[in-house]
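Visitor: My structure is below; once you've seen it, I'll send some questions.
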Amino acid sequence: MKQNGTPHTEAPRPVDVLVAGAGQAGLSAAYHLRRSGMEPVDGPGGFVVLDHAPRPGGAWQFRWPTLTYGRVHGMHALPGMELTGADEARPSSEVIGAYFREYEERFGLRVRRPVDVRAVREGEEGRLLVETSDGVWAPRALISATGTWDRPFWPRYPGQKEFRGRQLHTAGYPGPEAFAGQRVLVVGGGTSAVQHLLEIAPVAAATAWATRRPPEFHEGPFDEDQGRQAVARVDERVRQGLPPRSVVSVTGLPMNEAIRRGMADGTLARRPMFERLTPEGAVWADGTVFEADVVLWATGFRAAVDHLAPLRLREPGGGIQVEGTRVVRDPRVHLVGYGPSASTIGANRAGRAAVREIRALLAREPVTV
């Protein structure tokens, strides 16, 4: 066998279930695997959790320092252990990273890191073959919980390569101090774009905000019925084999006092998307110009599922068709934290659902070593 062109001499290590990713979705799945009676052991009958991040915390550990825990939008506790007593003024990366670390230790999940999952192929005797930076594994089932953080979405616009200023994505946002005295164009209609603008505006020379569609803000709490409707809209796309939209993209933005102030003082005066970038900035169809030093793309992320490409799971619509968490083309593969389960509460529920289906699948199949 070869991995990235290098011969592999070791035999694949058999396990019942491999969990790829130890963010909210992966830890939820691992918790429910333990609850179902499986042990985190390297061998038949057990499961293994692989995570490519250097430490616990999932994507949260990479969030910008000024995103404090008190400003986090929609963080739900992992199953079996509440997050209590957190200092809302501390960076969310620290609070949630420490919480995930304690969670892994309390439930003995034995996450292996840093390990990159590079490719998943068809193996022998009904097993999958998972090629990683830590060797090759042969699970009977796979829970892919690799999230989206590794796939920031960069739209393409005319003139992008000619722009002389700096371009960066939310994934590399360093905090507002890096934009002091500069003219900053923020692109994107989500929560991150709004937070960036509210932070940057007080220190920048000027800001502008461009989005494809007018942002929708909702007043009051987002109730359970609204949540179900939003998840249902995302779920319908993945059932059709279309690329998923995030749950947040269909829920709208929660209104608060900081946003009201930003709208009143002009910080959140949204413009439609510009027609093109120039070496000096952006130009709109009506001739409006904004000279910019920086373009900050707060344009979201896409599902990190490239490791599944050898299994040919994509549908003609471009997405992976999923029923619940189960991939329609291969019931051994479950996607958790994908599409309707991309929210933190959705990831918790999906982890439980995936384990229930996988346990039923394994009970029907003969054990091979």
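Visitor: Contact list please: Cβ distance under 6 Å, first residue in region 315-336 and closer than 10 Å to I358 by Cβ and assigned by TED's automatic domain parsing to the domain that holds R359, second residue among the β-branched types (V, I, T) and surrounded by 24 or more Cβ atoms within 10 Å (Cβ to Cβ), pairs at least six apart or on different chains.
Guide: Partner pairs satisfying both residue conditions: T325/V336; H334/I143; H334/T325.
Visitor: Here's another thing I want to ask about it. So, in region 231-274, of the ones that are outside any loop (DSSP other than H, G, I, E, B) and acidic (D, E), which residue ends up modelled with the highest pLDDT?
Guide: Per the stated criteria, the residue is E257.
Visitor: Here's something else I'd like to know. Would you mind stating whether R63 is farther than 23 Å from R349 by Cβ, buried (at least 21 other Cβ atoms within 10 Å of the Cβ) and either outside the structural domain of F179 (by TED's automatic domain parsing) or in contact with a strand residue (DSSP E or B) (Cβ under 8 Å, 6 or more places away or on another chain) (or both)?
Guide: Yes.
Visitor: Restricting to region 85-132, and then to whatever is among the hydroxyl-bearing types (S, T, Y) and without any contact (Cβ under 8 Å) to a residue 40 or more places away in the chain, can you tell me which residue is nearest to Q61 (Cα to Cα)?
Guide: S93
Visitor: If you scan region 179-211, which residues turn out to be in a helix (DSSP H, G or I) and farther than 10 Å from L296 by Cβ?
Guide: T191, V194, Q195, L198, E199 - these are the residues of region 179-211 that are in a helix (DSSP H, G or I) and farther than 10 Å from L296 by Cβ.
The values are calculated or read from the model by the stated rules, or taken from the named source; none is laboratory data. Computed from a predicted model, the values in this text were never measured in an experiment. Positions of Cβ are generated from backbone atoms using ideal geometry, with glycine treated the same way; all protein chains shown enter the neighbour counts.
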